[in-house]
Each structure stands twice: as structure tokens, then as C-alpha cells.
């Protein structure tokens, strides 16, 4: 028992509560991208004194819509509550027909983002994105794509690729996996034709030569990445799987400005930059009206492609 | 430097007194949070990870390893003593472990769990250290059809271990499968059986269900029996320590559990629960004391606990060799590694040997520390059962709900806890076994998804399921496990088995 | 939570017939719900509705089996049960659920604690409720303040930790 008390004191000394602070909702299980973003924000806010004892709370489920719904209903007008979200949430809100949408919270800023990458196992006969597209056109069913959850960024990207190659998007053979690890294992184990996910998920494998990178969904070629963009391959597909932070609904203009300023202070700090480089995330900070406009155009485009795939009617 | 010298160097670093102290704190904190029902190692590590940020890399790594092992062992303690499994991988432990505890054999049950975990952890960590690159090659051969075959095998072998009535066992199993359908279908994003309730979209949380079925259902059942059953629980009978017979009956299950758990943990979609299910089924099949199963057989604790720990080390195989986080816990560990600027991936062993071997050494030390901390505490733990019944059950429900609230502070989750608690009570009353419903909830979605993935890849060709040699062998084993008991029963040879088939015939 | 009513040799088990009826209803609900799902089987031939249909169908078969067993009186003897203690615990859990966010962890859980003890024969609520609240508060302090678990705070918690 003595050790327990000692340990408790020890932990307590390290985690003393201080001033009123942000509570960051990560609408996903521990370990995923949103959870990591939330915990990175927590660390930076603590280190920079923006919010000395910021807390993270996980409310997992349904592509973030459960967390979003809970957040919007419980924090109306609360300037200390933040929620992390992202592009996947846009799709999930549409497929789940969620009653709470991003209009019901106060989006603050896009923080980081990743581009999609299309890979095949090293042993695959497919050498280039052109080979893959040829096979897709000849027999869409024979190309099985392993990627993340149904209706998520990966699935949407495949739908866009099919559309751009004039293949009926409802005929794609998309195999959804719940976690990045599982999808990657299926690709490495040569269980599927191709894999699609954020570039970061594949980077180490590409470097080791176990996966072949065919293309990325970036608008411009990415420095140090030896593959064409889909655009360069003649497909009009650009997709960024971004992550953002939003505040509670019904904030006054001053409150919103305060939150925006805090987030900006966080993003411009050295420790945030260190977090980004540690985790291999790109800094795609975008705030204010530009972010609102981008959000709106993403929602419209996503709605269209989900209808094409047949996930929403 | 070769692997041995790296490992030795890591061990030397980790045996510094200050490092041992960090390991002790990690194990204690991990156990303290891990004992909460519903809070498994993943959440434990996520919650406590920030604590480790404040230490230097070596200290952080070892504390982290301690938290990880502590979080895992904590779940077993409550399973055995209070019949409230802390996480899905210790559900099976509750079956026999709690029966033992009620007969005054909580000490040996905890000891065999602790020592079994230690031995399994030790062997599995060493296997991880020296065989990881080879094991992972085998694990990657497992695709959807092989996983589906493995699930079928798990279903068949585990159902054979379910109670005395085929009707009630199957009903319980299918209730679990029905509950498993609730929520968003992984493969198409369609909401099933959620009736527009957003809280149902993510399906039924396995731990909430297990805690409700075991802890709440049982509290209601015992309370309903009124005062006449006062003497059911004996806190300590005989020694709190394992006797010679316990050792004799435990060591083989430990080794078998390790052998089952480690490879399944190494498979990217294996999951620790399946290892515990298969280990339990294997022990039940092989034991010389079949009559004790369901009444508190020590093999039924020793095997699954070893399998659970071995599979945790197995999870590290794809993580360290490929950078694949194949469980929630592994995903958190990945986040933990990143604070040292370490990117797990195929080149990790080559580019970052010091840290990798440091981690492996830390795991070994933390594993030993857990044993050192817990064996002396067993005497204290079993005293918990001497608490008067009204306080004991009030405390159990306090902790059961605390775990549920801590994992997800929503009234809806507590409502589920209550509803499933009542269901568990009614099922107990009518003699339905509890384990199959939980097994159905866990295995159902896995089997369904893997089958549909396999058929998608083959474009609807069912013969794909037997075209891979591994899948064919696993399905063959499952068929044998299903048919042989039927034949034996038909010949009237298996008295025990026909008894198991129950009072229907 | 049916109090058991069997002290006679019965040929028919009415309670078990209710279970059979429940299983039929459950099976039908599952099949009905699956009819609503879009057919997105794609190349596998198995869509989101396939598994629920199989499960629903099997539940109905099991219901028939259960009904047969119930009519033949093949269910095992049920131990005699008292309703009051069970209801106390259910009430405690319900109270905790309803009070959790309004009154905070300590008060809600303290009531659960006291009601459970009541269910097990400790009748004096005037004593057990305070004990429960104090104990729950201690637990709240350890897990929420030291181990960083997110537990709802109410008046008691805010009194001691104003910004809890």
C-alpha cells in the first residue's frame, strides 16, 4: 500500500490542476489520428502555457458523429470546449444522416492534413498507376482496394478515381478495414490488388521497398516523394484528408476571437512545429473565412461522390 | 553489436535502481487504473502516457512498459475476485477464476494468473526479440479467408465448452450475435438496428456488456436469493499460496496458453480474446479434471491468462517489425514511441536498435516487477472477499460503474449497463450460460466482416474459403471438433459429452 | 425479474414461454430492420442485411425449440427469488444514471452504493448514503485528480475542487 500512496503522490505532483482550461474532445478511440491530434494539442497548450492543464476526452464512434452530437448538445456557449475533427467526419455526417452537422459547431481552423497514396505490394505485377487504371477499366471487380472505413476519405478517393476514369463508381470493389494497421497488413500480405490510405501510413513500407507507391492525391508533386500525382497521371482527383479543430456552438464574437487567437498561438509555437515534424504531419493551417469556404466546397463535393458510390440516396 | 549484446545492454540500463523505481511506479499506476472494469490496457496507457513524458527516454520507456503490463494484469485481478472482467481478454478468466475465489481458492487463482502471465510474458518477449522477423512473415499470410476459418474454429471449440444445455447455450450465443449486428456495418457504413439512436451507431461496447452481465447480473441474482446464501463465499480456505498440485496442474496450461496466444497476437487481426477462448477450450478438452470446469478449475485460469499476456507481446511483433498497430493498445504505444522520434516500420530494428532493445528489456523488467509487486499483495487482495457482503457488492457496483463512466461518461452507457445487468439476471435465473452471449458479441462481427471481405476479393466465389491450405486446415479442424463429439455421442461412448448436450434428449 | 413461482411439478413452464415469445419478437424486429438496408453486397454477394437475416431466422427457430422445451417442462428448477432486493439495486443503478450529470459522480454513485447495500440487507439509508457519498468522493479524487480520468463533477466535487 505504501508504494501506491507514494506513486499517487508522485503522479499527483506531476499533474497538479491549475487555471480554467480547455477540454478537447477527441471523437475517436485512443490511438487514432484525431486522438493523437487532440493529445498533441494538449501537450503544446500545456507547454506553451496557453492552457496549463488542458484535458483530452475520448468520445468514440460512428466516424466522429457521436462525439460531435454530444459536444454540440452539452457545450452550447461554452468557450472552453474544443473538438477535433476532419474530412472523415464530413463523409460520416452524410452517410449516417447525422442530425448534428458541422453547421452546429463553430469551426475554428484546419490544423494539418495528409494526402492519399495509392500503393501495391512489391510483388504485384502492376508497375504504375496507368497499369492499375487499365485493369480497373477492363474489369473493375478484379481490382480490390483495401482502405479505411466505408464512406471515409480512402473510399471517397477510390470513388473519385473511378469517376475520373469513367468507370461506374458503384462497381468498385472496395474492402473497408477499421484500422490502418489491418488494411496495411492485407496489402503487405498480398491479399488485395491495391491499397489506399494517407501517405504517412505507407511511408516506412515504401522506403523499405515492401510497397510500391503508384500515385498521390496531392495537387502538386510532393517533395521527396517519388510518384506522380493523380493529376499528372491525367485524373482530375485532388484530395486532402485534413484535420481541424472546432469550438462550441453559440459563441459570442469575442469568445470566438479568443479561441481563434489561442489556436493561432498554438499553431505558431515551436513545440507545435516539433509535434508536427515528430509525427510527420504537414502544417496546413487555415483559418477564418478561407477555411469556412473550403469546408463548404468539401461538403458539396463529398455529398456528390457518396451519392455516386451509392452510400447515400 | 548483435541482438544479445543489445539486449544485455538494455537490461543493464533498466536495472539501475532509479529505473526499477520508475518500473514500480508504472506497474502500480497501471494496476490502479487497469483494475477498473471496462478500462483496458489501451485506455490505461492513453491516460497515463502524459506522466511518462516528463522523464528521460529510458525512464519513460520503462514506466510505459510497467503501465502496460500493470493495466493488463489489473483486469485479471477484478475478474477473479469480483467477477467483473476489466477488459474483453479477461472475460474467460472470470469463468473459472471467480468460481475458485468463491471457494476460498482466490489466492491460488491470482497466483497462477500472475505467474502464468509472467512466464508467458517472458517467453513471448524473448520470442519477440529473436524471432519477430520470421513470425511476421507467417502472420501476413493470414488474409480474410484464413481469419474467417480461425473464427469458425473458435466458435465451434468454444461452444463445445458452454454449459449443459445445447438449447440455452445456442440461444445465448445467438442473442450475442443479434446484439453484434447493432451499429454501423463496417463494410458499407449502413446503420443496422440502431433505430435512429446515435448512441447505438457504434454498436454495443463489449466491456460494458461483460461488466453488466457478470457483475451487475450476478449482484442482482445473489441479492434476489435473500439471506439464505450467506455462506457461499469463503474468503480463504487452505493456503493462499499455490500448493504442489496447483503447480502440477498449472505449468502445462501456462505453456500451452503461451503457444496459442503468441501467434494469434502476432496476427494483424487476431485479437487477444480469441487466444483466451481457444486456450480455455483446449484446457477443457485436455484436463484430467473435466468435472471441475465451470466449478473453478485452475487450468481454466492458468491457460487463458498466459494466452492473454503472450498475445500482448505478440501484438508487438507486427508493431515493431512492420509498424502495424494492430490493436488499440498498439496504436497508443505507437504514439508513445513517436515522442522519442521513433517511427516503427520495417527498418526499425536496423535504424533504432538501442531503443527497440531498450523497450524489450523494459518489458522484461516490468514483467518481473509486476510479479514482485503482486505476489505479496495476493494475501491482501483475497482479504477483499472477507468484507461483509453488503459492503462488498456495493463496492463492486461502485467500481463497475466507475469503469463504465470513466471510459465514457454518458447516461446512455449506464442505461445499457442496467439493461444488460437485468438481462444477465434473467438469464442466470433460467439457467442460460453467460459466456456465449459475450463470445457472440465479440466474434460475430469479426467473422462476418472477414467472410464478406474474403468473398469480395474472390468476387463472390465461395470456394475461395477452402482454396488456401491454412484456411482449409482450420476449417477441417473446426469440422472435426463439431462432428467427432456427435459421433461419439451416437456411439454412446462419450458419457460426459452427452451429458453436456443436456437435458433435451 | 420474474419472481420464481415454481414449487409444484409443472408440465408447462409459462415463464419460459414468455422467453420464446420474446425471441420471436426479437427475430422479427431484426428481419424487419434488415429489410430497410440498402443492398450493397457488391462483389461478395453478402450485404449488410445478410447476417441480420440469418441471425433473425435462427432466433425464431430457437424460439420454437424453447417453446417445445417449455411445454414439456424441461427448464431447470429456478432458485426462489425475492423481488425487493433486486428492485433496490435496479433502483440504485437507475438513480445513478439519472443523477450522474445533474448531481455529479459522488452523490449519484453514493446513492447506488447505499441502495445496493440496502438490497443486501443493510437497511439504514441515513447511515449508508453518507458513507457511500464519502467513499465515492474519495474514489473520485483518486481517479479524477490523480489518475486523470474524466468523471462528471457536481456540487460536492466543486466545493472542494472549485474548478474540478
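The values are calculated or read from the model by the stated rules, or taken from the named source; none is laboratory data. Just so it is clear, the model here is predicted, and its values are computed rather than measured. Here the Cβ positions follow ideal geometry from the backbone for every residue, glycine too, while neighbour counts run over all protein chains shown.
What the table shows:
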{"quantity": "Test: residue in segment A:119-130 that is under 28 Å from residue B:203 (Cβ atoms) and in contact (Cβ under 8 Å) with a residue 24 or more places away in the chain", "calculated": "no"}
{"quantity": "Filter result (more than 20 Å from residue A:94 (Cβ to Cβ) and assigned to a loop (DSSP other than H, G, I, E, B)) within segment A:152-167", "calculated": "A:165, A:166, A:167"}
{"quantity": "Residues of segment B:136-166 satisfying the condition of being surrounded by fewer than 20 Cβ atoms within 10 Å (Cβ to Cβ) and in a helix (DSSP H, G or I)", "calculated": "B:137, B:138, B:141, B:156, B:160, B:166"}
{"quantity": "Wholly enclosed helices (runs of 4 or more DSSP H) of segment B:406-505 bearing at least 1 residues modelled with pLDDT of 80 or more and either more than 10 Å from every other protein chain (Cβ to nearest Cβ) or surrounded by 17 or more Cβ atoms within 10 Å (Cβ to Cβ) (or both)", "calculated": "B:411-429, B:435-457, B:464-467, B:469-490"}
{"quantity": "Criterion (touching a helix residue (DSSP H, G or I) at 6+ places or on another chain (Cβ under 6 Å), touching a residue at least 24 places away in the same chain (Cβ under 8 Å) and closer than 24 Å to residue A:296 by Cβ) met by exactly one of A:94, A:82, A:68", "calculated": "A:94"}
{"quantity": "Any hit, segment C:114-124, residues being surrounded by fewer than 17 Cβ atoms within 10 Å (Cβ to Cβ) and under 30 Å from residue C:159 (Cα atoms)", "calculated": "yes"}
{"quantity": "Positions within segment A:247-264 being touching a strand residue (DSSP E or B) at 6+ places or on another chain (Cβ under 7 Å) and either part of a loop (DSSP other than H, G, I, E, B) or farther than 17 Å from residue A:44 by Cα (or both), in sequence order", "calculated": "A:247, A:248, A:249, A:251, A:256"}
{"quantity": "Segment A:110-139: number of residues that are in contact with a strand residue (DSSP E or B) (Cβ under 7 Å, 6 or more places away or on another chain) and outside any loop (DSSP other than H, G, I, E, B)", "calculated": "14"}
{"quantity": "Flag for residue A:131 being surrounded by fewer than 21 Cβ atoms within 10 Å (Cβ to Cβ) and within 14 Å of another protein chain (Cβ to nearest Cβ)", "calculated": "no"}
{"quantity": "Selected residue (criterion: farthest from residue C:135 (Cα to Cα)) from residues of segment B:376-395 that are buried (at least 19 other Cβ atoms within 10 Å of the Cβ) and more than 8 Å from every other protein chain (Cβ to nearest Cβ)", "calculated": "B:378"}
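Conditions (1) more than 7 Å from chain B (Cβ to nearest Cβ); (2) farther than 30 Å from residue A:173 by Cβ; (3) modelled with pLDDT under 90; (4) more than 26 Å from the chain's Cα centre (by Cα), marked per residue:
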| site | (1), (2), (3), (4) |
| --- | --- |
| C:44 | no, no, yes, yes |
| C:49 | yes, no, yes, yes |
| C:55 | no, no, no, no |
| C:77 | yes, yes, yes, no |
| C:83 | yes, yes, yes, no |
| C:107 | yes, yes, no, no |
| C:120 | no, yes, yes, no |
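Residue-wise test of (1) surrounded by fewer than 15 Cβ atoms within 10 Å (Cβ to Cβ); (2) under 17 Å from the mean Cα position of the chain (by Cα); (3) not assigned by TED's automatic domain parsing to the domain that holds residue A:88.
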{"site": "A:231", "(1), (2), (3)": "no, no, yes"}
{"site": "A:234", "(1), (2), (3)": "yes, no, yes"}
{"site": "A:248", "(1), (2), (3)": "no, no, no"}
{"site": "A:252", "(1), (2), (3)": "yes, no, no"}
{"site": "A:255", "(1), (2), (3)": "no, no, no"}
{"site": "A:259", "(1), (2), (3)": "no, no, no"}
{"site": "A:269", "(1), (2), (3)": "no, no, no"}
{"site": "A:288", "(1), (2), (3)": "yes, no, no"}
{"site": "A:300", "(1), (2), (3)": "yes, no, no"}
